[in-house]
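First up is the structure itself, then whatever we jot down about it.
The values are calculated or read from the model by the stated rules, or taken from the named source; none is laboratory data. All figures in this text were calculated on a predicted structure; none of them were measured in a lab. Please note: Cβ atoms are built from the backbone with ideal geometry, for glycine as well, and neighbour counts cover all protein chains shown.
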Protein chains: 2
Amino acid sequence: MLRIVAITGMPGAGKSTAAQALVGQGWKRVVMGDVIRAETRRRGLEPNAKNTGEVMKSLREERGESAVADLCLEVITRTGADRVVVDGVRSVAEVEAFRERALVILVAVDASPERRFELLKERGRSDDPLTREMFEERDLRELGVGIGEAIALADIMISNEHATPDELAGEMAKAADRWMKDVSD
Amino acid sequence: MLRIVAITGMPGAGKSTAAQALVGQGWKRVVMGDVIRAETRRRGLEPNAKNTGEVMKSLREERGESAVADLCLEVITRTGADRVVVDGVRSVAEVEAFRERALVILVAVDASPERRFELLKERGRSDDPLTREMFEERDLRELGVGIGEAIALADIMISNEHATPDELAGEMAKAADRWMKDVSD
């Protein structure tokens, strides 16, 4: 049966670092943001924060709350992988869509707003906020699609408040190992 | 200036254990749920989960999203305390109401749904859920008022997934100490 480690967390919390840790252990990584950014480009728009947010919203309006998860499941099916880490879950509806097709563990990577703003400034991806105001707007957009609920209902919470990238990766790898042992018992 | 440690977290996560830890260190504890339960009784209703949920909703409809926080601030003012731990913050609007009147640190106490269900079964308070279905309904009611957003935006996340009550209390006390040092620098 397909096993999915579904990773959620606020912008800048460290989701990708955690997800990447599992790639080294043979997990296939699918980035929900990539699906949204690809769809944004397909619609002729630059994949900045505003446009990707709007495309995410319209995808959900057109195809339901689990629209992005459904697109991810299509990608997963095409790869044929049986252990997948999904990077960037944003709502409980998405988690439920995954649970209909796989054994799922929901992992939240957490850091305070202060810490996330610092981490995002270091990262500087095209859709990352440049000012505190843009950062807070982006947080509100993510919360608006239900990411707070997904974080609140996570099966595992991993703190990135004081961790180095290696420590965060190590925590994620350990948690995935424990889970794989639990579900194969 | 008034200092508030505002504690949020899903039902059963361990908010009260964390809050109680600060009482031993001279903080005044104000329980938002007590304010709601008192108001529920004042309206002639039994303070069970369903009624307190409805009263919380109607308070917000009548007096705005920060209604319960505003009632708490009245209680705090009457006590004259300058260090207060508020147990049971349920939305960002409430946090903002506190921030207008005090230096505030928002602490989320976190545990997985599995763990919280176990802890609630052990606790058995009058408004605690008896079945998994009631537990999930209660979670949804709390998420409906915005507790997920408050958890996602917490300044400090304390895990109660594997902690004993003493360990949880110790973590909370340490975090409050660090914060008091930070804000007096």
Q) What are the residues in the stretch A:24-49 that are within 21 Å of A:GLY12 (Cβ to Cβ) and touching a Lys or Arg at 6+ places or on another chain (Cβ under 6 Å), if any? A) A:PRO47, A:ALA49
Q: Could you tell me which residue of the stretch A:63-115 is surrounded by the fewest Cβ atoms within 10 Å (Cβ to Cβ), considering only residues that are of a type in the set (Gly, Ala, Ser), more than 14 Å from chain B (Cβ to nearest Cβ) and more than 12 Å from the chain's Cα centre (by Cα)?
A: A:GLY80
Q. Do we find that B:THR79 is modelled with pLDDT under 95 and touching a Ser or Thr at 6+ places or on another chain (Cβ under 8 Å) in this structure?
A. no
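Within the stretch A:148-172, take every residue that is in contact with a Lys or Arg (Cβ under 8 Å, 6 or more places away or on another chain) and not aliphatic (A, V, I, L, M) and give me the one that is surrounded by the most Cβ atoms within 10 Å (Cβ to Cβ). Spell out how you get there, then give the answer.
Going through the stretch A:148-172, the residues in contact with a Lys or Arg (Cβ under 8 Å, 6 or more places away or on another chain) turn out to be A:150, A:160-161.
Going one step further and asking which of them are not aliphatic (A, V, I, L, M), we end up with A:160-161.
Working: A:ASN160: 26, A:GLU161: 15.
Only one residue fits best here, namely A:ASN160.
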Q: Give the residues of the stretch A:116-135 that are closer than 16 Å to A:LYS50 by Cβ, assigned to a loop (DSSP other than H, G, I, E, B) and not polar (S, T, N, Q), sorted by residue number.
A: A:ARG125, A:ASP127, A:ASP128, A:PRO129, A:LEU130
Q) Can you tell me which residue in the stretch B:136-161 is farthest from A:SER91 (Cα to Cα), limited to those that are at pLDDT below 95 and assigned to a loop (DSSP other than H, G, I, E, B)? A) B:VAL145
Q: Out of A:ARG90, A:ARG101, report the one residue that is of a type in the set (Lys, Arg) and modelled with pLDDT of 95 or more.
A: A:ARG101
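Checking the conditions here, which among B:PHE117, B:PHE98 is aromatic (Phe, Trp, Tyr), in contact (Cβ under 8 Å) with a residue 60 or more places away in the chain and under 28 Å from B:ASP70 (Cβ atoms)? Reasoning before the result, please.
Numbers: B:PHE117 fails: under 28 Å from B:ASP70 (Cβ atoms).
On inspection, the qualifying residue turns out to be B:PHE98.
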Q.
Can you pull out every residue in the stretch A:130-140 that is within 12 Å of chain B (Cβ to nearest Cβ) and crowded, with 18+ Cβ neighbours inside 10 Å?
A. A:PHE135, A:ASP139
Q.
Can you tell me which residue is nearest to A:LEU120 (Cα to Cα) among those in the stretch A:144-185 that are touching a strand residue (DSSP E or B) at 6+ places or on another chain (Cβ under 7 Å) and small (Gly, Ala, Ser)?
A. A:SER159
Q: Restricting attention to the stretch B:152-185, report how many residues are more than 14 Å from chain A (Cβ to nearest Cβ) and in contact with a Leu (Cβ under 8 Å, 6 or more places away or on another chain).
A: 3
Q: Find the strands (runs of 3 or more DSSP E) located wholly in the stretch B:5-115 whose residues include 3 or more that are touching an Asp or Glu at 6+ places or on another chain (Cβ under 9 Å) and within 21 Å of B:SER159 (Cα to Cα), and list them.
A: B:83-89, B:103-110
(Q) I need the full set of residues from the stretch B:30-57 which are within 20 Å of B:GLU96 (Cα to Cα) and more than 14 Å from the chain's Cα centre (by Cα), in order please. (A) B:LYS57
